[in-house]
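In what follows, a structure is listed as structure tokens, so that the remarks can point back to it.
The values are calculated or read from the model by the stated rules, or taken from the named source; none is laboratory data. Please read these numbers as outputs of a predicted model, since none were measured by experiment. Here Cβ is always computed from backbone atoms with ideal geometry, including for glycine, and neighbour counts include all displayed protein chains. Calculation scope for accessible area: heavy atoms of the full protein, side chains included, ligands and nucleic acids excluded. Shrake-Rupley method; radii C 1.70, N 1.55, O 1.52, S 1.80 Å.
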Amino acid sequence: MALQKVIITHETLETDKLVKLLRNPTNGAFVTFEGVTRNNSNGKNVKYLEYEAYEEMAKNTLHEIIKEISQETNVDQILVAHRLGKVEIQGISLVIVVGSAHRAEAFLACSSIVDRIKQNVPIWKKEFFEDGSSWVGIGG
Amino acid sequence: MIITIRAFAIYREILGKDELSLNIENNSTVEDVLEHLKRLYPKTSSLINISMFAVNQQYREISHILIDHDELALIPPVSGGK
């Protein structure tokens with residue numbers, strides 16, 4: 001049973017609950033990725049992050065990525081959840097869950113999706129330091 | 001004709017709002033609107049060179065010709081991460 005799901009939310013991401021959405025008797029493997037907030041960036045102490053998205057387009061772009069990766073890897077159960085708003089240190093900003101019959105294609109699909117998300121999904125991250133803030137990718 | 005500009009992240013901060021309606025000449029391109037924007041908000045000048053632009057949620061070249069009621073999104077570099 002194919003399941004391709006995208007969630008963009010200001011709520012806390014709960015990985016356990018998200019994994020349960022993909023439970024299926026044909027699955028032999030689940031690969032889960034969590035992207036979490038680091039406490040440092042280029043040697044500076046990060047206090048917290050804020051994420052902002054062009055939500056409608058980000059959703060569509062994520063669906064396109066999932067569809068492509070699903071075709072490339074033959075994995076048909078993929079969930080991507082992205083957090084928006086303020087995320088504290090070690091808070092989860094991104095969860096990817098891949099369910100498949102065997103592990104090899106699940107690992108491949110998961111890592112390919114993370115790489116692709118970093119390239120062209122309209123979601124932005126602002127780092128807040130002790131003495132200011134900066135949009136990642138711009139240096140401004 | 002009227003188009004809507006959607007401003008995100010650093011563009012939203014420079015414009016002081018996340019949306020802006022502009023009355024522009026028929027057959028204007030994305031580039032024409034960007035030139036107009038640079039005059040209205042000089043701080044966008046250096047950013048525009050490193051940004052991408054979407055019309056109705058599709059990435060487009062700056063030579064793309066706009067039509068009435070288009071939504072032009074200013075997309076600064078995305079967050080990346082390692």
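Based on the convex hull around the alpha carbon atoms, region A:17-140 presents an average projected area of 8.1 nm². Tell me which of A:Q119, A:L49, A:G99 sits at the most positive position along the dipole axis of region A:3-138, charges placed on C-beta atoms (Lys, Arg +1; Asp, Glu -1). The Cα lying farthest towards the positive end belongs to A:G99. For region B:2-75, the Kirkwood hydrodynamic radius comes to 12.1 Å, computed from all pairs of different C-alpha atoms. The mean accessible area for residues of chain A, using a 1.4 Å probe and ignoring ligands and nucleic acids, is 51 Å² per residue. The residues of chain B have, on average, 54 Å² of accessible surface per residue, using a 1.4 Å probe with all protein chains present. Between the helical axis of A:103-120 and the longest alpha-carbon principal axis of chain A there is an angle of about 40 degrees.
Would you mind giving the total buried accessible surface between chains B and A, with a 1.4 Å probe and ligands, DNA and RNA left out, rounded to the nearest 100 Å²? All intermediate terms of the calculation are to be shown ahead of the outcome.
Working: alone 5390 and 8090 Å², together 11590 Å².
Chain pair B/A: roughly 1900 Å² of buried accessible area.
Extending 7 Å from the Cα toward the beta-carbon at both B:E71 and A:E14 defines two label points whose distance is 3.1 nm.
What is the percent carbon and sulfur in the accessible area of region B:2-75, measuring with a 1.4 Å probe over the protein chains and ignoring ligands?
Values: 1870 of 4060 Å².
Result for region B:2-75: 46 percent of the exposed heavy-atom area is carbon or sulfur.
Computed from backbone phi with θ = phi - 60° and the Karplus coefficients 6.51, -1.76 and 1.60, the 3J(HN,Hα) list for region A:56-71 is 4, 6, 4, 4, 4, 5, 5, 4, 4, 4, 4, 4, 4, 5, 4, 5 Hz; x is used for glycine and proline. Going from the isolated chain to the complete set of protein chains, region A:48-65 loses at least 30 Å² of heavy-atom accessible area (1.4 Å probe) at A:E52, A:Y54, A:E56, A:M57.
Applying a threshold of 28 Å to the alpha-carbon distances of A:K5/A:K118; A:K86/B:K38; A:K17/A:K44 flags A:K86/B:K38; A:K17/A:K44 as lying beyond it.
Think of region B:17-82 as having a plus end and a minus end, set by charges on the Cβ of Lys, Arg, Asp and Glu; of B:N49, B:I62, B:N26, B:N49 sits farthest toward the positive end of this dipole. Normalised by 2.2 N^0.38 Å, where N is the number of residues, the alpha-carbon radius of gyration of the protein assembly as shown equals 1.12. The H on the amide N of A:L13, modeled in the peptide plane, is under 5 Å from the matching H of A:I92, each at least 5 residues off or on a different chain.
Seen from a random direction on average, the alpha-carbon convex hull of region B:35-82 projects onto 4.3 square nanometres.
Taking a straight Cα-Cα cut-off under 17 Å and skipping sequence neighbours fewer than 8 places away in the same chain, the aspartates and glutamates within cross-link reach of A:K59 are A:E11, A:E68, A:D115, B:E71. A simple charge model with +1 on the Cβ of Lys and Arg, -1 on the Cβ of Asp and Glu and nothing else charged puts the dipole of region A:3-138 at about 180 debye relative to its Cα centre.
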